[in-house]
Amino acid sequence: MTVLCTGEILIDFISEDKGKNLSQSELFRKKAGGSPLNVAVALRRLGREVSFLGKLGGDQFSEFLLEVMKKEGIDTTHIIFDSSCKTTLA
């Protein structure tokens, strides 16, 4: 049975500046995020078949997120692309 995950897919920026608070940080690492995507990845790593239903924009962050999903083995055939949208950054 395939699990269908749906919801917001976004980019989390994680500070790499140890010892600095967020407002002082200058170095960040991007990670694929959003609770629905995190659940999809976890289920896939546990061996479940997973498909994702969501929308990605027409920017390079969307390309990165699509690559991550494909690398994790998540079915992306239900991803909608909308070039007028931008990827959410958190």
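Restricting the search to strands (runs of 3 or more DSSP E) fully inside the chain and requiring at least 1 residues that are touching a helix residue (DSSP H, G or I) at 6+ places or on another chain (Cβ under 8 Å) and among the polar types (S, T, N, Q) gives 2-6, 10-15, 75-81. Taking the conditions (1) surrounded by 15 or more Cβ atoms within 10 Å (Cβ to Cβ); (2) out of contact with any Cys (no Cβ under 6 Å at 6 or more places or on another chain); (3) at pLDDT below 95 in turn, residue 57 satisfies each one other than (2). Being at pLDDT 95 or above and either hydrophobic (A, V, I, L, M, F, W, C) or surrounded by 13 or more Cβ atoms within 10 Å (Cβ to Cβ) (or both) is a description that does not apply to residue 22. Condition (residue is modelled with pLDDT under 95, crowded, with 17+ Cβ neighbours inside 10 Å and not charged (D, E, K, R)) applied to segment 34-53: is it met by at least one residue? Checked segment 34-53: no residue is modelled with pLDDT under 95, crowded, with 17+ Cβ neighbours inside 10 Å and not charged (D, E, K, R). For segment 60-81, a residue qualifies if it is touching a Leu at 6+ places or on another chain (Cβ under 9 Å), surrounded by fewer than 14 Cβ atoms within 10 Å (Cβ to Cβ) and closer than 15 Å to residue 5 by Cβ, and the qualifying residues are 78, 80. Assess whether residue 14 counts as being in contact with a strand residue (DSSP E or B) (Cβ under 7 Å, 6 or more places away or on another chain) and at pLDDT below 95. Taking the combined requirement at face value, the residue satisfies it.
The values are calculated or read from the model by the stated rules, or taken from the named source; none is laboratory data. Worth saying up front: this structure is predicted, and the values here are computed from it rather than measured. As a convention, Cβ positions derive from the backbone with ideal geometry for all residues, glycine included, and neighbour counts pool all protein chains shown.
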